[in-house]
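In what follows, a single structure is set out as structure tokens and then discussed.
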Amino acid sequence: MKVLIVDDAVFIRLTLKAMLEKNGYQVIGEAANGSEAILKYNQLKPDLVTMDITMPQMDGIAALKAIKKMDPSGKVVMISAMGQESTVKEAIIAGANGFIVKPFVEDQVIRGLSKFK
Amino acid sequence: MANNDSKASMLDLFVFETNQMLEQLERLILDSEKSGGLEVAINEVFRIMHTLKGSAAMMMFNDICSLAHSLEDVFYYLREAKPPRVDYSELVDLVLNAVDFIKSEVMKIENGGNPNGDCADISERSKEFLSALKANDLSLTDTSQRPVSSELKPKYSIGVANISEDEGKSRYEATIYFDEDCGMENIRAFTIVHELSDLAEDIVYSPKDILENDTTSDIIKNEGFQIAFATQNSLEMVQKFFCKTMFLKEFKLNAVADANSKKPKQKKTIVLDDPITNEAMNSIVKEVEQQTEGTQSFISVNVSKMDMLMDLVGELVIAEAMVTQNPELHGLRLDKFYKSARQLRKITGELQDTVMSIRMVPLSATFHKMNRIVRDMVRKLDKKAELEIIGEQTEVDKNIIESISDPLMHLIRNAVDHGIEPARERIAQGKSEVGKIRLEAKSAGGDVLIMIQDDGGGLKKEKILRKALERGLIEKGDISLTDSQIYSFILQPGFSTNDIVTEFSGRGVGMDVVARNIEKVGGRISVDSIAGEGTTMSIRIPLTLAIIDGMNVKVGGANYTIPIIAIKESFRLKDQNLIKDTDNNEMIMIRGECHPVLRLYERFQVQTAVTDLREGIMVMVEADGKGICLFADALLGQQQVVVKALPTYIKKTKGIAGCTLLGNGGVSLILDVAGLNS
């Protein structure tokens, strides 16, 4: 399963990447903001995108909307922090396929994403 | 992060990224404070706090996390509610305190310790600040309800419509439990309702207010989420749907009797607003493409690997010289060999340039740290001063940057503490009330020149002289000293800590340490001052430590290497140019200027047959604006040399900067031109 990781923190990206790769996912790309994510999505056509919400330049919601517009069947999982309930709601309405709440542990991420396999 | 290895590297990354964010945050705050308002930076600060919080939570550094969270809340409020009156100066203090706290915690983490600091105080202050803000701003009564959600509601409308036909539908009831640790259960329940609406209708669920009320997540956690719906799809499909839901622990799915009889016919319609139009989409993509063209991608590399690479390239340069200048090749006609050798040399040269450029880092980060120091000191000392930064983009080797950071800080502190006078004094002297400190960097040949200039009171010459006399550095009645010689006394050890010195704008405090640290990286510091107008400290540091262009010269049986940058010209002496002064010191007159002659064989006590100035070669070198003619037997040729420190068993010799290996395996001493000159 090919995954695109979108997060503005390198640290979170690498953490996620390590978790995913250990569990047989193929991380084919990373993006640091929403606009990069859209571009990478077009280039790489991932099976799944993990999308942070708060990012500079373009946030995760805008990127989600753009991706869903281009590819309604694209799978996007939001990564959100506690206390962002309202934004997550917005994301779900915009078509997000699920969300993971930070801070997360490996087991949680893998369990959640396994539904998309 | 399950295994320790990856945890360690994660930690490194966490430290690195957090430090970067803190630096960015600090700069943001200070810049915006200068430009008159924090308002413009609110968004950015909010985002950084948010990211800090997320990363710290991942690493389970709870104190950092909660502190970042409390400040995130403040900035969230500022961003959303835009309160009219905000005490920004207090907020700046608050944020800077938090930055300091997190910095010190990260430092502990970096050194392998436990981040055990207590941030309750700052957190508390930040909470107080927030509640004060809220109290001030009564128009927004309930802030816990975030404005986004109220905006959101109209977008999602649940309409009720009658369905005329509903054949072959079955009705199901389900109770759903989520994993315990998944978080935001109410939103997860909402996700199910939302997605279910694609394949089912007539959806009823409990608790009902999942969207509006976040506390429903607790109910769902304990009692499960109840949902009933009617669908044409098979039981299998419905089961499959639930299986695909993230973090769904278990669900009980029951078919109930005929859908028609049970409930009024209702259809749930979900209206999605705000679709992105095609045009807008295109413009976004275009914009994105433009942005990414300009951005470079970066990787972070461990410095020790860079050092290793540099060392290896250094060895390669030596090895290359050893091969191509091998004595055994002498007298052989090897056209093809030399052609290949030239190619090799070209490539090694390029490789070396590239490695150097990788190691080069702009001074901006170091310089901007000074902003904070000036700001804090000015507040503490109740003076007025501003820092002007020029040439922050100048690049210097990473290792050098690290070792000049402390000395710079010291000099800046001195400038504020002792250089700039109190505002009242300044006005009395007809100066502008606000003192000016200028921190400037520029390239000068192979060196970088950093100047710290203040427009304060300047050094007091007489007092330095008196002090120097006391310490026996000069003899009474010695009037031959130039100003810069006098000022440079303050760089002497022991000139510090004395209250006499501190009183006259005390550039004595630890100045010897500053000078020593700068000398360690091959740099030099000089002092200049005009009484009443200010003091200038000039630091000259080499761009890099490792490899220099050198001219090899022969003196008797020994080789010396002169850094090419220092060489002005080399020539053979003509009789008429040689003059002697009354003390029998030899001087050479070139284009109307006199330059002293230094016979290298005398200076280093080497036996040589060439003692007649007309027989050997003169190399004129320049340092600190003074020319001096070095006398050697012959020029051997130009070569890139790798600077090695002198072995510890050789005492530090003035005039020798280090040593290097030559192509023939011999050792050459690298001359320190400035050292020879003084």
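The values are calculated or read from the model by the stated rules, or taken from the named source; none is laboratory data. Just so you know, these numbers come straight off a predicted model, no measurement behind them. Heads up, the Cβs are rebuilt from the backbone with ideal geometry, glycines too, and the neighbour counts pull from every protein chain shown. Surface accessibility is based on the protein's heavy atoms, side chains included, excluding ligands, DNA and RNA. Shrake-Rupley method; radii C 1.70, N 1.55, O 1.52, S 1.80 Å.
Numbers at a glance
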read-out: Accessible heavy-atom area order of A:ASP8, B:ASP214, highest first, probe of 1.4 Å; value: B:ASP214, A:ASP8
read-out: Cβ-derived FRET efficiency at R0 22 Å, B:GLU470 paired with B:GLN429, nearest 0.05; value: 0.15
read-out: Candidates A:MET55, A:MET70, A:MET82, ranked by Gaussian network fluctuation over chain A, Cα under 10 Å, top entry; value: A:MET82
read-out: Averaged over A:103-116, number of beta-carbon atoms from partner chains that fall within 10 Å; value: 4
read-out: Straight-distance crosslink candidates among aspartates and glutamates, where the alpha carbon sits under 18 Å from B:LYS651 and sequence neighbours closer than 8 are dropped; value: B:GLU519, B:ASP672
read-out: Dipole magnitude of the range B:308-362 about its Cα centre (Cβ charges: Lys, Arg +1; Asp, Glu -1), debye to nearest 20; value: 280 debye
read-out: Accessible area of B:LYS568 in the full protein assembly, 1.4 Å probe (Å², nearest 10); value: 120 Å²
read-out: Spread of Cα-to-Cα distances over 10 Å intervals beginning at zero, given as percent, for the range B:528-678; value: 10, 38, 33, 15, 4, 0
read-out: Relative contact order computed over the range A:41-117 (Cα-Cα under 8 Å; 6+ residues apart), in percent; value: 28 percent
read-out: Per residue, the convex hull volume that the Cα atoms of the range B:303-360 enclose (Å³); value: 61 Å³
read-out: For B:GLN640, residues with placed amide H under 5 Å, excluding near neighbours; value: B:GLY550
read-out: Two-site FRET efficiency, B:ILE590 against B:LEU312, from Cβ-Cβ distance with R₀ of 51 Å, rounded to 0.05; value: 0.75
read-out: Over the protein assembly as shown: helical MRE at 222 nm, DSSP H runs n ≥ 4 each giving -39500 (n - 2.57), nearest 500; value: -13500 deg cm²/dmol
read-out: Protein-only accessible surface order, largest first, of B:VAL619, B:VAL597 at 1.4 Å; value: B:VAL597, B:VAL619
read-out: Most mobile listed residue (A:LYS102, A:LYS17, A:LYS65) in chain A, GNM with C-alpha springs under 10 Å; value: A:LYS102
read-out: Once the Cα gyration tensor of the range B:578-660 is diagonalised, semi-axes √(5λ) in Å; value: 26, 15, 15
read-out: Cβ neighbours within 10 Å from other chains - mean over B:233-245; value: 1
read-out: With all protein chains modelled, accessible area of B:ARG342 [1.4 Å, Å²]; value: 150 Å²
read-out: Rounded to whole Hz, the Karplus (6.51, -1.76, 1.60) HN-Hα couplings of the range A:59-74, x for glycine and proline; value: 7, x, 5, 4, 5, 4, 4, 5, 5, 5, 5, 6, 9, x, 8, x
read-out: Whole-Hz ³J(HN,Hα) from phi, Karplus 6.51 cos²θ - 1.76 cosθ + 1.60, for the range A:38-44, glycine and proline x; value: 4, 4, 5, 4, 5, 6, 9
read-out: Among B:PRO596, B:GLY556, B:GLY665 - extreme Cα towards positive end, dipole of the range B:547-677, charges at beta-carbon; value: B:GLY665
read-out: Gained length - B:ASP583 relative to B:ILE530, 0.36 nm times residue gap less alpha-carbon distance; value: 15.8 nm
read-out: Cα pair distances exceeding 19 angstrom across the range B:2-145, given as percent; value: 51 percent
read-out: Averaged over A:10-19, number of beta-carbon atoms from partner chains that fall within 10 Å; value: 6
read-out: Gyration tensor (alpha-carbon) shape descriptor, the range A:2-112, a/c threshold 1.5; value: rounded
read-out: Phi-based couplings in Hz for the range B:14-21 (Karplus 6.51, -1.76, 1.60; Gly and Pro marked x); value: 4, 4, 4, 5, 4, 4, 4, 5
read-out: Peptides ranked, highest mean first, by Cβ atoms within 10 Å: ranges B:578-589, B:68-79, B:343-354; value: B:68-79, B:343-354, B:578-589
read-out: Value in Å of the Kirkwood radius, where the protein assembly as shown supplies the Cα pairs that are averaged; value: 32.2 Å
read-out: Computed magnitude of the charge dipole of the protein assembly as shown (debye, nearest 20; Cβ of K, R +1, Cβ of D, E -1); value: 1400 debye
read-out: Positive-pole candidate from A:ILE100, A:ILE110, A:MET1, dipole of chain A, charges at beta carbon; value: A:MET1
read-out: For the range B:363-542: rounded, prolate or oblate by the Cα gyration tensor [a/c cutoff 1.5]; value: oblate
read-out: Per DSSP, loop GluC sites (Glu not before Pro) in the range B:596-678 with at most 16 further Cβ within 10 Å; value: B:GLU615
read-out: Debye log10 I(q)/I(0) for the range B:300-436, one point scatterer per Cα, at q = 0.18 Å⁻¹; value: -1.01
read-out: In range of the label at B:VAL323: residues from the range B:625-669 whose backbone nitrogen is under 12 Å from the point 7 Å along Cα→Cβ; value: none
read-out: Nearest-20 debye value, the range B:547-677 charge dipole, Cβ charges on Lys, Arg, Asp, Glu; value: 320 debye
read-out: Heavy-atom SASA rank of B:ASP335, B:ASP31, B:ASP633, B:ASP118 (probe 1.4 Å, accessible area, largest first); value: B:ASP118, B:ASP335, B:ASP31, B:ASP633
